[in-house]
Amino acid sequence: MEIKVVKQILEWNEDCSNEIKNTFEDKNIFMINVMGSPGAGKTSLIVNLINELRKDYKIAVIEGDIAGQIDAEKIKQMDIPVVQLNTDGACHIEAMSIKHILGYFNLDEVDVIIVENIGNLVCPAEFNIGEDIRIAILSIPEGDDKVEKYPLMFSTSEILVLNKYDMKEHFDFDDKKLNL
C-alpha cells in the first residue's frame with residue numbers, strides 16, 4: 001500500500017496566487033506585499049509610499065492584522081480605498097483572502113494595491129499572495145541577527161528596508177552582518 005503525500009495548503013495557495021497575478025496582469029495592477037515584525041514600521045512605510053505614489057497612481061490598501069482596524073483608519077484618513085483583513089489569530093495572509101477582498105475595490109480604478117501583511121518574520125514569507133514585489137522591513141532595534149534567523153523572509157523579498165536607522169547608535173547593530 002502506497003502512502004500519498006499532498007502539500008495541499010501551499011499548492012492550493014500557489015494556484016490562487018497565480019489566478020490573482022493573471023487578474024492583475026489583465027487589469028494592469030501592481031501589488032506590493034509589505035512584511036516585517038510588529039512595530040517594525042510597516043504602516044509608516046505604507047503611508048510614505050502612498051504620499052509618493054498617489055501623485056501618479058491610484059492606490060488601494062489591504063491592511064492585515066490579527067485584530068482591530070487602527071492602521072486601516074490611518075489609511076482611510078488619507079482618502080485611500082482600504083479594506084481591513086483580520087485573521088483572528090492566523091500568522092499570515094493567504095492568497096484566497098486577497099482574492100475574496102478584491103471585490104471590495106473597483107479594480108478599474110486601481111493601479112497599485114499595497115498589502116500590509118501580518119507582523120511576523122516567519123509565516124508571511126511562506127505564502128505568495130499574487131504580489132509583484134515583496135518588501136521586508138527590519139528595524140534597527142530588532143537586531144542584525146534577524147536575516148540569519150529568518151532567512152526565508154529576507155531571501156524571498158526583493159527589497160529590504162532598514163528602518164529606525166536613527167536608533168543605530170543606541171543598539172549593537174552591524175550592517176555587515178546582514179550578508180545581503
Exercise. Could you grab the pairs with beta carbons closer than 8 Å, sequence gap of 6+ or different chains, first residue in the range 151-180 and open to solvent by 100 Å² or more (accessible area, probe 1.4 Å), second one of a type in the set (F, W, Y)?
Key: L180/F154
Exercise. Being β-branched (V, I, T) and either touching a residue at least 12 places away in the same chain (Cβ under 8 Å) or touching a helix residue (DSSP H, G or I) at 6+ places or on another chain (Cβ under 8 Å) (or both) is the filter here, so list the residues in the range 65-86 that pass it.
Key: I66, I75, I80, V82, V83
Practice problem: Taking only the range 88-125 into account, find how many residues are in contact with a Leu (Cβ under 7 Å, 6 or more places away or on another chain) and in a helix (DSSP H, G or I). | Solution: 3
Self-check item: Residue in the range 91-104 that is buried (at least 18 other Cβ atoms within 10 Å of the Cβ), in contact with a Gly (Cβ under 7 Å, 6 or more places away or on another chain) and within 24 Å of D56 (Cβ to Cβ) present
Solution: yes
Practice problem: Can you confirm whether the range 64-86 contains a residue that is assigned to a helix (DSSP H, G or I), at pLDDT 95 or above, of a type in the set (S, T, N, Q) and open to solvent by 20 Å² or more (accessible area, probe 1.4 Å)? | Solution: no
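Would you mind finding the one in L53, L49 that is within 14 Å of the chain's Cα centre (by Cα) and under 29 Å from N163 (Cβ atoms)?
On the way: L53 fails: within 14 Å of the chain's Cα centre (by Cα).
Result: L49 is the single residue among L53, L49 that is within 14 Å of the chain's Cα centre (by Cα) and under 29 Å from N163 (Cβ atoms).
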Quiz prompt | Pairs, first more than 12 Å from D71 (Cβ to Cβ) in the range 116-127, second among the acidic types (D, E) and crowded, with 19+ Cβ neighbours inside 10 Å, C-beta under 8 Å, six or more apart | solution = F127/E94
Exercise. State all residues of the range 45-54 that are more than 21 Å from S155 (Cβ to Cβ) and surrounded by 14 or more Cβ atoms within 10 Å (Cβ to Cβ); if no residue qualifies, say none.
Key: I46, V47, L49, I50, L53, R54
Self-check item: For Y57: the one exception among (1) open to solvent by less than 90 Å² (accessible area, probe 1.4 Å); (2) outside any strand (DSSP E or B); (3) touching an Asp or Glu at 6+ places or on another chain (Cβ under 7 Å); (4) of a type outside the set (K, R)
Solution: (1)
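Can you tell me which residue within the range 108-120, out of those that are surrounded by fewer than 23 Cβ atoms within 10 Å (Cβ to Cβ) and closer than 18 Å to L45 by Cβ, is nearest to the chain's Cα centre (by Cα)? Before the answer, list the steps.
The first filter runs over the range 108-120 and keeps only residues surrounded by fewer than 23 Cβ atoms within 10 Å (Cβ to Cβ), leaving 108-112, 118-120.
Those left that are additionally closer than 18 Å to L45 by Cβ: 112, 118-120.
Values: V112: 13, I118: 7, G119: 9, N120: 10 Å.
It comes out as I118.
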Quiz item: Considering the range 87-117 alone, what residues qualify as being in contact with a helix residue (DSSP H, G or I) (Cβ under 6 Å, 6 or more places away or on another chain), closer than 16 Å to P38 by Cβ and either among the β-branched types (V, I, T) or at pLDDT below 95 (or both)?
Solution: C91, H92
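Residue-wise test of (1) charged (D, E, K, R); (2) on the phi > 0 side of the Ramachandran plot; (3) under 13 Å from the mean Cα position of the chain (by Cα).
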site: Q69; (1), (2), (3): no, no, no
site: H100; (1), (2), (3): no, no, no
site: N106; (1), (2), (3): no, no, no
site: F127; (1), (2), (3): no, no, yes
site: E131; (1), (2), (3): yes, no, yes
Exercise. For the range 136-145, name all the residues that are without any contact (Cβ under 8 Å) to a residue 40 or more places away in the chain and part of a helix (DSSP H, G or I).
Key: I140, P141
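The values are calculated or read from the model by the stated rules, or taken from the named source; none is laboratory data. For clarity, every value in this text was computed on a predicted model and none was experimentally measured. Cβ: placed from backbone, ideal geometry, glycine included. Neighbour counts: every protein chain shown. What goes into the accessible areas is simple: the full protein's heavy atoms, side chains included, and nothing from ligands, DNA or RNA. Shrake-Rupley method; radii C 1.70, N 1.55, O 1.52, S 1.80 Å.
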